[in-house]
Amino acid sequence: MMNEAVSTIMTSSPITVSPSDSLQQVKEIFSKFKIHHIPVCEGSKLVGILTTYDLWKLDIAFESYPDHAVQSVMTNNIAVISPEDKVGTAAELFLDNRFHALPVVDEERNLLGIVTSFDVLKYEFIKEYPNPILYKEVFTRAPQMRAIA
């Protein structure tokens with residue numbers, strides 16, 4: 001049931017930031033694009049991830065965000081997945097570790113995309129309800145993502 005490749009449901013070319021970007025930039029990206037996870041890259045190489053939860057647990061005033069760099073807050077020991085791994089593998093990682101995003105990388109750790117728990121939920125929902133009535137726009141619109149870094 002969840003035997004399709006992660007590449008079929010991942011967001012390709014997700015929004016990214018660099019380690020030297022400010023938390024102010026990240027906060028603006030989270031707000032503008034209504035996302036909760038941002039891969040941190042140096043060039044195309046994944047070096048970390050930053051989440052809305054990371055910012056929340058900092059317990060610092062928004063006014064000081066411009067003074068803090070992503071590298072001081074990002075998680076750099078992160079689980080990743082390959083584009084060939086199965087959707088079920090992503091679901092199992094989400095359930096086992098209680099996080100909600102997995103960067104999708106190649107063998108050299110180049111970022112190819114990101115898959116979230118919402119992507120897995122959406123994948124299963126659409127299989128069961130191919131013509132949703134409520135929230136149709138949520139399940140049919142293409143993600144508005146672009147690379148920044």
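Taken together, the values in this text are just the output of simple stated rules run on the coordinates, not laboratory data. Because the structure is predicted, anything quoted here is derived from the model rather than measured. Ideal geometry is used to build each Cβ from the backbone, glycine not excepted, and the neighbour counts take in all protein chains shown.
With all distinct Cα pairs included, what does the Kirkwood hydrodynamic radius of the stretch 34-94 come out to in Å, to one decimal, could you say?
Numbers: mean 1/r = 0.0744 Å⁻¹.
That comes to 13.4 Å for the stretch 34-94.
If the segment from residue 75 to residue 18 were pulled out straight at 0.36 nm per residue, it would be longer than the present Cα-Cα gap by 19.2 nm. Only helices enter the 222 nm calculation for the chain: every DSSP H run of n ≥ 4 contributes -39,500 (n - 2.57), and dividing by all residues gives -9000 deg cm²/dmol, rounded to 500.
Counting only lysines at least 8 places from residue 122 when in the same chain, those with an alpha carbon closer than 26 Å to its own are 27, 32, 34, 86, 136. Here the mean projected area of the convex hull built on the C-alpha positions of the chain is 9.2 nm². Between residue 110 and residue 64, the modelled label-to-label distance comes to 4.0 nm, taking each label 7 Å out from Cα in the direction of the beta carbon.
Percent relative contact order of the stretch 1-117, based on C-alpha pairs within less than 8 angstrom and at least six residues apart?
Numbers: 191 pairs, mean separation 40.2, N = 117.
Relative contact order of the stretch 1-117: 34 percent.
So, in nm, how far is label residue 129 from label residue 2 when the simple model puts each one 7 Å beyond its Cα toward the Cβ? In this crude label model, residue 129 to residue 2 measures out at 1.9 nm.
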